[in-house]
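Before any comments, here is the structure.
Just so you know, all these numbers are worked out from the coordinates, no wet-lab data involved. Since we're looking at a predicted model, the values are computed, not measured. Cβ placement follows ideal geometry from the backbone for every residue including glycine, while neighbour counts extend to all protein chains displayed.
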Amino acid sequence: MSTLRLSYWTLSNEAYQGFTATKKALEKSPLGKPLVELVYLRVSQINGCAFCLEMHAKALRADGMPDRKIDSLAGWRVSSHYSARERAALEWTESVVAIDRTHAPDEDYAPLREHFSDAEIADLTFAIALMSAFNRLAIGMRQ
């Protein structure tokens, strides 16, 4: 286990408050808390953020998501536990997190149009970007 390098949330408090304001806005999103938390958890799996993995898995369990669904998230493509809506969101999540390789192609974006409004797609993309940023802060500063 590593030691915290810097308490970035206090040292750059104004910037950190911008992140928390975005998180609070996403809590009001029509996407719903379960989907947003599921996306946060998948982003954190991809990025390898142990702190965030524990936090989001705990939040999903507290809100009643079945363990089998949380535990199978890394294998969502071959699991029967996810709806078409969730699958579209998870595909987009993986595409945006790996944007350096995928460049977020139309074939990953198109399924979103079947399940989400334009505002929901924007919220989903903000959620992915926000959690990616939080992961980078937590991993980089050894939170």
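3J(HN,Hα) along segment 26-31: 5, 5, 9, 5, x, 4 Hz, from the Karplus curve 6.51 cos²θ - 1.76 cosθ + 1.60 with θ = phi - 60°, whole Hz, x for Gly and Pro.
Over segment 11-141, Cα pairs under 8 Å with separation of 6+ residues give a relative contact order of 34 percent. Using 0.36 nm per residue and subtracting the Cα-Cα separation, the extra length available between residue 78 and residue 114 on full extension is 10.9 nm.
Rounded, prolate or oblate: pick one for segment 1-45, where a ≥ b ≥ c are the square roots of the eigenvalues of its C-alpha gyration tensor, a/c under 1.5 means rounded, and failing that, prolate if a/b is larger than b/c, else oblate. Since a/c reaches 1.5 but b/c is at least a/b, the shape of segment 1-45 is classed as oblate.
Karplus-based coupling profile of segment 66-71, in residue order and whole Hz: x, 3, 4, 6, 5, 5, with θ = phi - 60° in 6.51 cos²θ - 1.76 cosθ + 1.60 and x standing for Gly or Pro. To the nearest ten degrees, helix 106-115 and the longest principal axis of the Cα atoms of the chain are 80 degrees apart. Packing around the peptides 13-21, 45-53, taken as the average count of other Cβ atoms within 10 Å per residue, puts them in this order, highest first: 45-53, 13-21. When the chain is treated as a GNM with alpha-carbon contacts under 10 Å, the residue of 132, 72, 44 showing the greatest mean-square fluctuation is 72.
Taking segment 11-141 as the region of interest, the number of lysine pairs whose Cα atoms are within less than 14 Å, with members eight or more places apart or on different chains, is 4. By its C-alpha gyration tensor, with a ≥ b ≥ c as the square roots of the eigenvalues, how is the chain shaped: rounded for a/c under 1.5, else prolate for a/b larger than b/c, else oblate? Here the chain falls in the prolate category. Note on segment 89-143 and segment 29-57: Cα centroid distance 11 Å, given to the nearest whole angstrom.
Mind telling me which of 77, 101, 87 comes out most flexible in a GNM of the chain, alpha-carbon contacts under 10 Å? For the chain, modelled as a Gaussian network with Cα springs under 10 Å, the answer is 101. With a Förster radius of 25 Å applied to the beta-carbon distance between residue 71 and residue 99, the computed FRET efficiency rounds to 0.40.
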